[in-house]
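J.: Okay, handing you the structure first.
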Amino acid sequence: MEIYDTEEEQVAAIKRWWKENGLSTIAGVVIGGAFIFSFNFWQGHQNEQANQVSALYDQLQISMSKENTESVNKLAEKITTEHGSSAYASYAALLQAKTKVQENDLAAAQAILEKQMQSANSNEIRNIARLRLVKILYATGEYEKGLQLIAETDQASTKGFSASYDELTGDLYVALDRLGEGRTAYQTALREGAKSALLQFKIDDLTSAEIVTAP
């Protein structure tokens with residue numbers, strides 16, 4: 001550290017330092033202040049957006065509970081259009097697809113689910129969308145297309161959903177009168193952890209049918 005004998009020497013040293021470093025110091029303060037302001041503004045904006053989409057989603061759920069399909073469609077469109085990158089957008093789309101099924105607009109529901117299969121940010125949403133789409137294909141008699149959609153699924157991404165896929169595969173095989181394959185799929189679903197009374201009934205029903213038709 002420099003030691004100055006007189007006050008005048010200290011003042012002169014400060015002037016020299018300021019002449020050499022003053023501009024960069026001011027620039028650093030300005031840049032640092034601008035960064036802090038920008039960060040705080042961005043953070044505030046993000047919080048405001050999160051609050052807005054959360055409030056919209058709450059309204060959407062209320063509309064669903066009241067079966068107000070017009071409101072559901074409007075709110076879902078608003079969320080997916082204005083907050084498309086948020087998780088709320090995917091959940092809103094799933095609710096809208098459910099409403100479209102209730103309105104018997106299966107083509108619209110299918111389009112929404114197909115989009116979520118491609119664009120959703122999580123495996124969970126993509127799997128839910130795919131399963132619901134297969135159920136629509138089952139309801140419309142497009143059994144082979146449903147089986148193809150399941151077959152094309154990346155097995156590594158279906159963790160937690162395997163049993164649901166297997167049971168739905170069984171339903172499709174049974175609809176195609178491929179009872180042996182249907183039973184195998186149901187039994188696989190059972191081994192994967194699906195233990196619903198309905199699944200057991202499906203297995204028992206196939207067994208009974210085989211006994212009746214046995215020579």
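J.: Give, rounded to the nearest 20 debye, the magnitude of the charge dipole that region 85-215 has about its Cα centre when Lys and Arg contribute +1 at Cβ and Asp and Glu contribute -1 at Cβ.
T.: 400
J.: Now, a different point. Cα to Cα, under 21 Å, and not fewer than 8 places away if on the same chain: which lysines meet these conditions relative to LYS78?
T.: By straight Cα distance, LYS78 reaches LYS66, LYS98, LYS100, LYS115.
J.: Let me ask something additional. Along the Cα→Cβ direction, 7 angstrom out, place labels at SER119 and ALA151. What is the inter-label distance in nm?
T.: Inter-label distance under the simple model: 3.0 nm.
J.: For LEU176 and GLU70 in one chain, what is 0.36 nm times their gap in residues minus the Cα-Cα distance, to one decimal in nm?
T.: Values: separation 106, 0.36 × 106 = 38.16 nm, distance 3.68 nm.
Extending this stretch completely gives an extra 34.5 nm.
We did not get these values from a lab; they are worked out from the coordinates using the rules stated. Here the structure is a predicted model, which means the values were calculated and not measured. In this analysis, Cβ positions are derived from the backbone assuming ideal geometry, glycine residues included, and neighbour counts consider all displayed protein chains.
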